[in-house]
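Working notes, structure below.
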Amino acid sequence: QVQLVESGGGLVQPGGSLRLSCAASRSIFSLVPMGWYRQAPGKQRELVAAITGGGRTNYVDSVKGRFTISRDNAKNTVHLQMNSLKPEDTAVYYCYADLSTSRYWGQGTQVTVSS
């Protein structure tokens with residue numbers, strides 16, 4: 001059974017930081033593309049950040065310079081460091097991993113940015 005387990009969401013004030021983590025249940029995920037999507041109420045799911053097996057990264061323009069995606073292959077984990085958070089970053093964040101022709105998803109973690 002393949003599982004992606006997310007953690008690290010919560011409530012934070014504008015300008016604050018959170019670190020999301022996504023732990024994969026199988027070591028094979030240390031070699032595959034992974035990343036994070038988010039979905040705000042009433043909006044479509046959007047890709048926030050992605051990282052290849054080799055460590056190349058890509059970000060949506062709205063988070064460049066504020067968010068950093070990284071991976072710890074020894075622990076089969078991907079992190080999303082989110083700094084200078086804004087109310088518009090409020091959403092459910094979903095981790096994904098692409099293995100062969102399949103995409104696997106985590107259960108989602110809520111991030112709320114509010115004063």
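The values are calculated or read from the model by the stated rules, or taken from the named source; none is laboratory data. The model shown is predicted, which means the values in this text are computed figures rather than measured ones. When we count neighbours, we look across all protein chains shown, and the Cβ atoms used for this are built from the backbone with ideal geometry, even at glycine. Keep in mind that these areas ignore ligands, DNA and RNA; they rest on the heavy atoms of the full protein, side chains included. Shrake-Rupley method; radii C 1.70, N 1.55, O 1.52, S 1.80 Å.
When segment 80-93 is filtered for residues that are surrounded by fewer than 19 Cβ atoms within 10 Å (Cβ to Cβ) and either small (Gly, Ala, Ser) or in a strand (DSSP E or B) (or both), the ones remaining, listed by number, are Gln81, Ser84, Val92.
For segment 1-41, filtering for residues that are under 17 Å from Tyr104 (Cβ atoms), open to solvent by 20 Å² or more (accessible area, probe 1.4 Å), hydrophobic (A, V, I, L, M, F, W, C) and under 13 Å from the mean Cα position of the chain (by Cα) leaves 2. Set side by side, the residues Ala74, Ala97 differ, and just one is open to solvent by less than 30 Å² (accessible area, probe 1.4 Å) and either without any contact (Cβ under 8 Å) to a residue 12 or more places away in the chain or aliphatic (A, V, I, L, M) (or both), which is Ala97. The set of residues in segment 42-67 that are assigned to a strand (DSSP E or B) and surrounded by 16 or more Cβ atoms within 10 Å (Cβ to Cβ) comprises Val48, Ala49, Ala50, Ile51, Tyr59, Phe67. Scanning segment 87-111 for residues that are farther than 17 Å from Ser25 by Cβ and out of contact with any helix residue (DSSP H, G or I) (no Cβ under 9 Å at 6 or more places or on another chain) turns up Pro87, Thr90, Ala91, Val92, Tyr93, Thr101, Gln110. Checking each residue in segment 1-41 for being part of a strand (DSSP E or B), of a type outside the set (Gly, Ala, Ser) and farther than 24 Å from Arg56 by Cα picks out Leu11, Val12. Can Gly42 be described as on the phi > 0 side of the Ramachandran plot, at pLDDT 95 or above and not hydroxyl-bearing (Ser, Thr, Tyr)? It is false that Gly42 is on the phi > 0 side of the Ramachandran plot, at pLDDT 95 or above and not hydroxyl-bearing (Ser, Thr, Tyr). Looking across segment 45-86 at every residue that is out of contact with any Phe, Trp or Tyr (no Cβ under 9 Å at 6 or more places or on another chain) and among the acidic types (Asp, Glu), the one that is modelled with the highest pLDDT is identified as Asp61.
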